[in-house]
Amino acid sequence: MKRTSTVILSVALLGIAGAGLSAFNYAPSETSAKRNIVVAQTETATFDIENMTCATCPITVRTAMSRVEGVDSVEVDYETKTAIVRFDASVTTAALVGQASTDAGYPAHASNAEDSDHSEAEHQH
């Protein structure tokens, strides 16, 4: 009986000690967390695309533009011969995105490039 009480007491003490350790914060310090924050500067650019002559051409354009580092999304419209691209302006530029399409055989010319924060505010008015 004494041995059972000792075992129960030991297990209880280990449980209490374990609960106390979980109270410690193992998260990185606020200073180191701030250093890892990267703010994306999302912009949207609309491109006029040349040489798209068949329904599969947009696939090549989308693939080329999507491979540019910093590009978030690419929507290509075969009928209007345009592409709308959202990208992180802190990583790439509209010119580089357009050049990727041009290099794939589909010259792209930006018809507009705007900061998405401004464009969303304008659409709300």
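Bear in mind these aren't lab numbers, they're just calculated from the coordinates by the rules spelled out. Predicted, not measured: the structure shown is a model, and the values here were computed from it. Cβ coordinates were reconstructed from backbone atoms using ideal geometry, including for glycine residues, and neighbour counts include every protein chain displayed.
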- Query: Is it fair to say F47 is within 14 Å of S111 (Cα to Cα) and in contact with a Gly (Cβ under 8 Å, 6 or more places away or on another chain)?
  - Reply: yes
- Query: How many of the residues in segment 67-110 are within 15 Å of A40 (Cβ to Cβ) and of a type in the set (S, T, N, Q)?
  - Reply: 4
- Name every residue in segment 75-101 that is surrounded by 15 or more Cβ atoms within 10 Å (Cβ to Cβ) and more than 24 Å from the chain's Cα centre (by Cα), in order of residue number. Y78, K81
